[in-house]
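*Asks:* Sending over a structure as structure tokens; questions will come in a sec.
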Amino acid sequence: MAKTGWRERIFPGELDRAASIVYFLGAVVPLIGFGLAVDRFALPTLDDRENELARIAALVFSGALTFGAFLVLRGLVHTALARMKRDNERLAGLLDWSNALGDAEHVSDVLASATARAKEMGEADAGYAFLKCDGDELPALAQSVGAEAERLYAAHAAAIEEIVRCSIESGRPVMRISSAGDVATAAVPLPANSVAQGAVAVLRAGSEPFGAGELGALATLASMSVVALHNADLRESQRNFFSHVTDMLVTALDAHLGFHRGHGQRVAQLANRLGRRLGMADQELSRLHFAALLHDIGMLKVDASQEMSRNACAKHCMYGHRMLSRIRLWRDLAPIVYHHHEWWDGRGYPDGRAGEEIPRESRILALCDAVDSMTSEDSYRTPLGLDAALAELERCAGSQFDPDLVAAFVQLARDGMIEIGPPPRA
């Protein structure tokens, strides 16, 4: 660990040296000069005007030199403070960016955010992110930010890619100014423990180079991006696993029941369209989609040959809740599945909840589940047409179904957004 002490400086080394020189010229030299002047010339008398003028001249020169030194030193301090302010603003921006990026869901989101922040921090005209994945010989452009990004990249692609390659291979920031002096480009590599080799690059018009502070901030940003990239990559892997296992379970459920094939997918499609009409956020829509696919998963524990009584149906809600709540990735789906047979007026099951006590996603599933059951050719009842199904929904609004959801669904159907088609065949 490096020792600390009097050698540590508040300002960069060149400013320290300049301040020392200014102090010496503005304070020490005038004092020495004034001392020599006093020693050289006796105190003036009324008859000795030459010595008096010499002493006045020495005083004026010393004062002017001291005041000039003060102005120069003041300018140096202001420059140092402005640099410190810029560095603090970069640090604050990095911290804010890091906090905001913690919940990024996709690798592309992380790259887009990092590239935009790099462009902003470097006061650049364009920002780029490059990734070198397995099997790639050269890093490929993965993200660009800036109104002029595409044009500048097309004009300087070879130079930018060479700087990025050098940065990745050396593991250090690289900065160059074009031979024509029209653009300055800087690239900083992603650390070696990133999900893939890559670099963040910034480009700005003109010959002004990127300073050490800007390159340092870009390197810090690249290091901080690694954690967010790892988290986003992990989330994508979880979603991939989540989707495949869900498809396997839905297929197994269709095979177990032997009828109503494709019911989960159709309910999910209807629920997704209704959820979008209601303005649900992406995360809510995702949860609704998977809950719709798995809303009958508890039927895997019910004998398919037995009569579907109210008691058996109530059990499948409890079985589904129990199965999903034990798995961390599906835990949020469990309450939705558990309550999807509740009625708006409280006469449903398993808990007899009513109105707003029922989760909104469960109310949506209840409606969409009923629509598919009424209209599907592969259901346990004679299928209805869409108009007849809508009429049934309106008849049961306020009793079985949430009246606001019924109104939204009916309007969706009248807008031509609901299609009732044949079920998928095995």
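The values are calculated or read from the model by the stated rules, or taken from the named source; none is laboratory data. Quick caveat, the model's predicted, so the values are computed rather than measured. Positions of Cβ are generated from backbone atoms using ideal geometry, with glycine treated the same way; all protein chains shown enter the neighbour counts. To get the accessible areas, we keep the full protein, side chains included, count just its heavy atoms, and leave off ligands, DNA and RNA. Shrake-Rupley method; radii C 1.70, N 1.55, O 1.52, S 1.80 Å.
*Asks:* Do we have residue 199 as crowded, with 19+ Cβ neighbours inside 10 Å and not β-branched (Val, Ile, Thr) here?
*Replies:* yes
*Asks:* Just to check your reading of the model, which residue among 371, 410 is assigned to a helix (DSSP H, G or I), of a type in the set (Val, Ile, Thr) and free of Cβ contacts under 8 Å to residues at least 40 places away in the same chain?
*Replies:* 410
*Asks:* Does residue 302 qualify as being over 18 Å from residue 335 (Cα atoms), of a type in the set (Val, Ile, Thr) and open to solvent by less than 60 Å² (accessible area, probe 1.4 Å)?
*Replies:* Answer is yes for this residue.
*Asks:* Regarding residue 363, is this residue open to solvent by less than 50 Å² (accessible area, probe 1.4 Å) and part of a helix (DSSP H, G or I)?
*Replies:* yes
*Asks:* So for segment 242-250 (the condition being under 23 Å from residue 375 (Cβ atoms), part of a helix (DSSP H, G or I) and over 26 Å from the mean Cα position of the chain (by Cα)), does at least one residue qualify?
*Replies:* There is at least one residue in segment 242-250 that is under 23 Å from residue 375 (Cβ atoms), part of a helix (DSSP H, G or I) and over 26 Å from the mean Cα position of the chain (by Cα).
*Asks:* In the list 350, 335, which residue meets the criterion of being touching a helix residue (DSSP H, G or I) at 6+ places or on another chain (Cβ under 6 Å) and not small (Gly, Ala, Ser)?
*Replies:* Answer to the check: 350.
*Asks:* When the residues of segment 242-298 are narrowed to those that are farther than 17 Å from residue 362 by Cβ and of a type in the set (Phe, Trp, Tyr), which ends up surrounded by the most Cβ atoms within 10 Å (Cβ to Cβ)?
*Replies:* 242
*Asks:* Turning to a different aspect of this structure: Considering every residue within segment 178-191, establish whether at least one is open to solvent by 20 Å² or more (accessible area, probe 1.4 Å), at pLDDT 85 or above and assigned to a helix (DSSP H, G or I).
*Replies:* Within segment 178-191 (the criterion being open to solvent by 20 Å² or more (accessible area, probe 1.4 Å), at pLDDT 85 or above and assigned to a helix (DSSP H, G or I)), the answer is no, since none of the residues qualifies.
*Asks:* If the requirement is being outside any strand (DSSP E or B), modelled with pLDDT under 75 and small (Gly, Ala, Ser), which of these qualifies: 100, 114, 124?
*Replies:* On inspection, the qualifying residue turns out to be 100.
*Asks:* Now for a different question. So residue 215 ticks every box in (1) outside any helix (DSSP H, G or I); (2) touching a Gly at 6+ places or on another chain (Cβ under 9 Å) but one. Which box is left unticked?
*Replies:* (1)
*Asks:* Here's something else I'd like to know. Inside segment 127-155, can you point out the residues that are of a type outside the set (Lys, Arg), part of a helix (DSSP H, G or I) and surrounded by fewer than 19 Cβ atoms within 10 Å (Cβ to Cβ)?
*Replies:* 150, 153, 154, 155, listed by residue number.
*Asks:* Further, regarding this structure: Taking segment 384-395 on its own, how many of its residues are assigned to a helix (DSSP H, G or I), surrounded by fewer than 16 Cβ atoms within 10 Å (Cβ to Cβ) and of a type outside the set (Asp, Glu)?
*Replies:* Summing the residues that are assigned to a helix (DSSP H, G or I), surrounded by fewer than 16 Cβ atoms within 10 Å (Cβ to Cβ) and of a type outside the set (Asp, Glu) in segment 384-395 gives 4.
*Asks:* Quick check on my filter: what residues within segment 371-383 are open to solvent by 20 Å² or more (accessible area, probe 1.4 Å) and either closer than 13 Å to residue 265 by Cβ or modelled with pLDDT of 90 or more (or both)?
*Replies:* 378
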